[in-house]
Amino acid sequence: MNALKNYYMRGDFMDDFGLRLKAIRKAKRISQSELSEKSQISQTNISKLERGASSPTIYTAQQLADALG
């Protein structure tokens with residue numbers, strides 16, 4: 001349990017989320033702008049998420065997942 005706590009506290013989870021979001025978006029060949037339109041999440045917020053500069057809410061994560069299929 002301590003290792004999992006350290007994983008979240010170091011910010012690794014957010015870095016992984018952003019890297020995975022960007023990889024999936026690029027694999028589907030859509031721009032941040034297109035993902036923004038599909039998910040109703042601002043392009044600025046998508047950029048922050050991909051860089052690990054912001055944490056997604058559950059709602060945001062679900063909107064992105066739905067938009068990415």
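Are any residues in the stretch 41-69 of a type in the set (Ser, Thr, Tyr) and loosely packed, with under 11 Cβ neighbours inside 10 Å, and if so, which ones? Matches in the stretch 41-69: Thr57, Tyr59. Annotation note: Cβ proximity below 7 Å between a residue of the stretch 22-42 that is under 17 Å from Thr60 (Cα atoms) and a residue that is part of a loop (DSSP other than H, G, I, E, B) and of a type outside the set (Val, Ile, Thr) (sequence gap 6+ or interchain) occurs for Ser36/Ser42.
Laboratory data are not the source of any read-out in this text; all were calculated from the coordinates shown. Quick caveat: nothing in here was measured; it's all calculated off a predicted structure. Counting neighbours? That spans all protein chains shown, and the Cβs are built from the backbone with ideal geometry, glycine included.
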